[in-house]
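Shown next, in structure tokens, is the structure this report addresses.
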Amino acid sequence: MYTTSDSSSADQVYQSLRRLLIEGFYPPGTRLVEERLAQDLGVSRTPVRQALVRAAAEGLVQIFPNRGAVARSFTVDDLLEMYDLRALLEGHAAYLAAQRISPAQLARMEAAATALEESLTRTFECREDEVHFLVEQNAIFHQTIAETAGNQRLIAMLNQIVAVPLQFRSFYWYRSEERRISNFFHRSILNALMLGDGDRARAMMREHIFYGRDVLLQSRRAEPESAASGEE
């Protein structure tokens with residue numbers, strides 16, 4: 001019988017697999033063999049199989065007949081499509097949020113924006129720890145806007161588009177100057193929300209997303225062809 005405890009355990013396995021995919025532990029194009037994943041995650045194959053199905057629904061994994069699951073690769077056309085959609089959806093979320101955001105939500109975004117700014121002078125043990133921190137604080141900022149918009153379908157669509165390995169990789173490639181520009185956009189969006197200016201919040205969010213897209217595309221061009229295509 002499937003219990004609440006089983007459900008909780010299955011969700012933990014999914015979250016662990018999701019994080020490994022997003023952070024590139026399993027690079028794009030990697031075959032995801034259930035037995036190996038079960039060993040890596042220290043669980044049986046059943047929750048791994050369920051996690052793969054969920055990851056496929058989220059767009060992180062592709063499942064092929066007679067081949068199994070593969071960590072999804074993203075072409076330049078994929079990136080352009082996803083960032084166009086993200087700019088449209090997050091821009092609309094910012095517009096809606098400007099009309100209903102609360103002081104507590106603004107304070108949460110302020111704290112995240114400040115943490116991102118202060119991270120430029122903060123010392124981290126390793127690059128991966130720094131990127132973890134950047135992704136976490138950035139997620140707080142953007143998710144607060146999405147939640148404030150109050151549109152559950154919009155949130156679901158954003159979760160599928162944003163929750164891809166690209167977010168982690170884009171932060172990994174950010175240099176100090178690019179992070180300062182990203183921080184500028186965060187402040188501009190936050191100021192627009194404080195003023196209740198939905199049009200400006202939407203415009204600045206779209207510019208912010210397109211800037212992130214351009215940084216990621218530049219980083220892909222700098223990678224060796226095999227790495228950019230996800231070849232092992």
Practice item. Taking only protein heavy atoms into account and a 1.4 Å probe, give the accessible area per residue of region 36-154 in Å². Key: 52 Å²
Practice item. Would you calculate the separation in nanometres between label points at residue 126 and residue 214, each defined as 7 Å from the Cα along the Cα-to-beta-carbon direction? Key: 3.3 nm
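Could you put 132, 208, 92 in order of accessible surface area, largest first, with the 1.4 Å probe and the full protein assembly present?
Descending order: 92, 132, 208.
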Point to revise | Shape of region 31-98, Cα gyration tensor, a/c cut at 1.5 | key: prolate
Revision key, fill the gap. Diffusion coefficient in µm²/s returned for the chain by Stokes-Einstein, Kirkwood Rh over C-alpha pairs, 20 °C and 1.002 mPa s, is 114 µm²/s
Review point. Percentage of Cα-Cα pair distances in region 78-192 greater than 24 Å, rounded to whole percent?
Key: 25 percent
Point to revise | Farthest positive-ward along the chain dipole, Cα basis, beta-carbon charges - from 106, 216, 176 | key: 106
Revision key, fill the gap. Taking r as the C-beta separation of residue 136 and residue 64 and R0 as 25 Å, the FRET efficiency to the nearest 0.05 is 0.15
**Study point:** Point-charge dipole on Cβ atoms (K/R +1, D/E -1) for the chain, about Cα centre, debye to 20
**Key:** 360 debye
Review point. Highest GNM mean-square fluctuation, the chain, Cα pairs closer than 10 Å: which of 149, 38, 192?
Key: 38
Point to revise | In region 111-159, GluC sites (Glu not before Pro) in a DSSP loop with at most 15 other beta-carbon atoms within 10 Å | key: 125
Check your understanding: Roughly how many percent of the accessible protein surface of the chain is carbon and sulfur, given a 1.4 Å probe and a whole-percent answer?
Key -> 51 percent
Review point. Percentage of Cα-Cα pair distances in region 1-128 greater than 27 Å, rounded to whole percent?
Key: 45 percent
Exercise for review: Counting only C-alpha contacts under 8 Å and six or more residues apart, can you give the relative contact order of the chain as a whole percent?
Suggested key: 28 percent
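The values are calculated or read from the model by the stated rules, or taken from the named source; none is laboratory data. Please read all numbers here as calculations on a predicted model, not as lab measurements. So basically every Cβ, Gly included, is an ideal-geometry build from the backbone, and we count neighbours across all protein chains shown. The protein model used for the area step is the full one, side chains on, heavy atoms only, and it has no ligands, DNA or RNA in it. Shrake-Rupley method; radii C 1.70, N 1.55, O 1.52, S 1.80 Å.
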